[in-house]
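These notes are about the structure you will find just below.
The values are calculated or read from the model by the stated rules, or taken from the named source; none is laboratory data. The structure displayed is predicted, hence computed values, not measured ones. No Cβ is skipped: glycine too gets one built from the backbone with ideal geometry, and neighbour counts run over all protein chains shown. All accessible areas refer to the heavy atoms of the entire protein, side chains included, with ligands and DNA or RNA removed. Shrake-Rupley method; radii C 1.70, N 1.55, O 1.52, S 1.80 Å.
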Amino acid sequence: MEIKTSQGIHKSKGGLIRSFVATENGRIKEISISGDFFLFPEEAFFKIAGELKGIEAKREDIEHKIEEIYIRENIQSPGTSPADFTESIMKALGV
Amino acid sequence: MEEWRFIDFGLVDIRDMMAMDEAILKSDEGNTFFFWTPKKSIILGFFQKAEVELDLSQCKDYTITRRISGGGIAFSDDRCRQVNYGVVGTIDNALFPMDITGSYKQICGVLIDTLIHYKLNAAFRPINDVVVDNKKISGNAQTRWEGKLLQNGTLLLDFDIEEMLRISNIPKEKFMDKKIASVREGLTWLDRELGEQRDMEEIKNVMKKKFEERFSIRLKSGSLSGKETKLTEILLPKYYSDEWVYR
């Protein structure tokens, strides 16, 4: 079983997104996202990392999940999109 | 003419200030404009991590807390030459637009009008910066709660770049001169732009006047209400706690 953690940094128009991701057997095991972006409502942000745990570490799956959370939680993040969070996570995955 | 409340908190401990900030947003005392100047401190944005952003071994004599709005670190050195402001307003689509960038632009207009008063080439840079000749002079952060907005921001009068880089979590030995030069190109402060130190009270008075003009209201000096003071006391432990700051 291989576990690896690395940092991915992506700059969106709304700020810098830093991701630390650990995967196990192709799935996200641990994930932490931080940065100087803006996102409303703020508390909904924690759902992103929370719900990405356990899903396949693939771009489409990750972006789809984040988009789903955006719609459900009515998230607004000026200058930062689900694609930007995905990009930061993919960089952490070394893809 | 409509009157809004004005409070000048003076030189403050930012943990106390952030608790009062949240209490003003979450109470119901009407639209309010307020000033404060932070003592030596670091305020993390809501989504930042202390150990990722900061070299904590270099921050021992700083007060560190976190705010309820996003954005980047607000760093205050011991020169204490910053005018920080807060605005709490009801989102009405006229004075305070629903559109996030629109509402930033509206409030940042107060800073721009202030800088233009000093004959500087100030402009709004979306999403939330005010620049002079394309150099950032003011950072701003907004959050919303039950139909109201809270915007905090700073107008830099002086700024110690070297000290900011020292506490940042970046490799320090190499390229320090280059880093200082690059920050110097992207950031500026009023004392530098004017080539002299202006009295902070004078600057605050200009800002106050520009605020009144922009919103067509009169600011009336006041203080926290009993309800706000009580809520502040309830919120204080959070801003002093490691769980909140180092989460």
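In table form, for the structure just shown:
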{"item": "Computed Kirkwood radius, in angstrom, where 1/r is averaged over Cα pairs of chain A", "result": "13.0"}
{"item": "Residue range of chain B that is longest and free of chymotrypsin sites (Phe, Trp or Tyr not before Pro) which are both DSSP loop and sparsely packed (at most 16 other C-beta within 10 Å)", "result": "B:1-117"}
{"item": "Interchain or long-range residues, amide H under 5 Å from A:Gln76's placed H", "result": "A:Phe40"}
{"item": "Relative intensity, log₁₀ I(q)/I(0), of chain B from a Debye sum that treats every alpha carbon as a point, q = 0.08, 0.13, 0.15 Å⁻¹", "result": "-0.29, -0.80, -1.09"}
{"item": "Total accessible area lost when B and A pair, probe 1.4 Å, Å² to nearest 100", "result": "1600"}
{"item": "Over 28 Å (Cα to Cα) - which of A:Lys91/B:Lys135; B:Lys49/B:Lys172; A:Lys47/B:Lys238; B:Lys60/B:Lys105; A:Lys11/B:Lys136; B:Lys119/B:Lys178 fall in this group", "result": "A:Lys91/B:Lys135; B:Lys60/B:Lys105; B:Lys119/B:Lys178"}
{"item": "DSSP loop GluC sites (Glu not before Pro) with at most 13 other Cβ within 10 Å: longest gap in chain B", "result": "B:3-145"}
{"item": "Descending semi-axes in whole angstrom, ellipsoid equivalent of the range B:1-129, from the Cα gyration tensor", "result": "26, 18, 16"}
{"item": "Long-range tail of P(r) for the range B:201-243 (Cα pairs > 11 Å, %)", "result": "74"}
{"item": "Candidates per trypsin sites (Lys or Arg not before Pro) in the range B:90-190, loop by DSSP, up to 12 other Cβ within 10 Å", "result": "B:Lys119, B:Lys174"}
{"item": "R0 of 22 Å, Cβ-Cβ distance B:Glu163-B:Glu51: FRET efficiency to nearest 0.05", "result": "0.70"}
{"item": "From phi via Karplus (6.51, -1.76, 1.60), per-residue ³J(HN,Hα) for the range A:55-68 in Hz, x at Gly/Pro", "result": "8, 5, 7, 10, 3, 5, 5, 5, 5, 4, 4, 5, 4, 4"}
{"item": "Pairwise centroid distance, computed over Cα atoms, of the range B:182-247 with the range A:5-22, Å", "result": "30"}
{"item": "Square roots of five times the Cα gyration tensor eigenvalues for the protein assembly as shown, Å", "result": "34, 24, 19"}
{"item": "Pairwise Cα inverse-distance average, inverted: Kirkwood Rh of the range B:87-138 (Å)", "result": "11.3"}
{"item": "Integer Hz, Karplus 6.51/-1.76/1.60 couplings in order for the range B:113-123, x for Gly and Pro", "result": "4, 5, 5, 5, 4, 8, 6, 9, 8, 9, 8"}
